[in-house]
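Reviewing the structure listed below.
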Amino acid sequence: MKRVLLLFSILTISYFTTAQTIGLQAGLNLASQSIGSNESGGFTINTSSKAGFLIGVVAQFPVSNAFAFRPELNYIQKGSKTTGETSDESVTIALNYLDIPLNLVYSSPAGNGQVFFGAGPTIGYGLSGYTKVKSGQQEISQDIKFDGKSEDEVNDEYGHLKALDMGFNLMAGYSFSSGLFADAGYSFGLSNITPAVGSSLKNKGFFIKLGYCFGQEGKKGTKK
């Protein structure tokens with residue numbers, strides 16, 4: 001799986017170099033998770049948000065006068081933080097991913113730039129992470145391996161999750177004629193990333209990004 005993702009990332013980067021618009025971006029991801037049970041009479045718990053950052057590249061390939069294919073390649077922090085009955089009790093899940101959103105965007109002239117709206121699937125691959133349980137003055141941390149193994153298969157000091165994280169995102173933004181742009185959106189996971197039998201763990205989050213696009217299309221935008 002790691003080799004497949006590496007090859008896919010290399011092909012994605014190579015594909016980006018052929019874009020009429022290519023840019024750099026960075027931002028904030030307010031990550032949270034849905035934790036639940038798949039068994040009969042199951043439940044779902046929505047955790048609190050954990051702030052993380054994202055950084056990456058974005059490209060744009062015109063499809064028509066108004067539509068364009070807008071893929072991204074990001075390093076992004078996901079996870080969640082849940083506080084217990086008191087403020088000194090909490091559980092933090094911090095996860096680092098390589099994420100590839102594949103958006104179809106619609107652009108329209110607005111003022112001195114373009115307003116755009118987009119949606120599409122996301123493909124994520126877990127790189128590293130940890131869980132931290134805090135109770136009073138005590139803290140217990142556990143590193144995470146993205147090997148897809150359950151606790152029944154291994155007996156070690158690590159937590160275990162599935163590496164592949166499929167999802168879908170919605171976004172909207174504005175690009176200035178100078179090449180600067182800003183966008184925001186919401187991403188929700190469709191994949192159950194825990195290998196634990198009968199359990200469910202899905203990523204989600206609200207993101208805000210700022211960036212700059214190089215090239216003619218990044219400056220003028222897509223004319224309707």
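For the reader, a short list of remarks on this structure follows.
- Options E85, E72, E151, E89: the member that is out of contact with any strand residue (DSSP E or B) (no Cβ under 6 Å at 6 or more places or on another chain) and in contact (Cβ under 8 Å) with a residue 40 or more places away in the chain: E151
- Filter result for the condition that a residue is in a strand (DSSP E or B) and under 26 Å from V57 (Cβ atoms), over Q142, Q114: Q114
- Residue within the stretch 94-107 that is surrounded by fewer than 16 Cβ atoms within 10 Å (Cβ to Cβ) and outside any strand (DSSP E or B) present: no
- Filter result for D165 (at pLDDT 90 or above and within 19 Å of G111 (Cβ to Cβ)): no
Here is a yes/no grid of residues against (1) aromatic (F, W, Y); (2) under 17 Å from I93 (Cβ atoms):
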{"position": "E151", "(1), (2)": "no, yes"}
{"position": "L161", "(1), (2)": "no, yes"}
{"position": "D165", "(1), (2)": "no, yes"}
{"position": "F168", "(1), (2)": "yes, no"}
{"position": "G185", "(1), (2)": "no, no"}
{"position": "G189", "(1), (2)": "no, yes"}
{"position": "N192", "(1), (2)": "no, yes"}
{"position": "P195", "(1), (2)": "no, yes"}
{"position": "L201", "(1), (2)": "no, yes"}
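- Residue selected from the stretch 36-67 under the condition part of a strand (DSSP E or B) and out of contact with any Phe, Trp or Tyr (no Cβ under 9 Å at 6 or more places or on another chain), by the criterion modelled with the lowest pLDDT: T44
- Q25 being surrounded by 12 or more Cβ atoms within 10 Å (Cβ to Cβ) and modelled with pLDDT under 95: no
- Each residue in the stretch 44-71 was checked for being farther than 26 Å from D147 by Cβ and either surrounded by fewer than 18 Cβ atoms within 10 Å (Cβ to Cβ) or not hydrophobic (A, V, I, L, M, F, W, C) (or both), and 16 pass.
- Subset tally (residues that are within 12 Å of G211 (Cα to Cα), surrounded by fewer than 18 Cβ atoms within 10 Å (Cβ to Cβ) and not hydroxyl-bearing (S, T, Y)) for the stretch 154-187: 4
The values are calculated or read from the model by the stated rules, or taken from the named source; none is laboratory data. Note that the structure is a prediction, hence the values are computed from the model and not measured. A quick note on method: Cβ atoms are made from the backbone with ideal geometry, for glycine too, and the neighbour counts reach across all protein chains shown.
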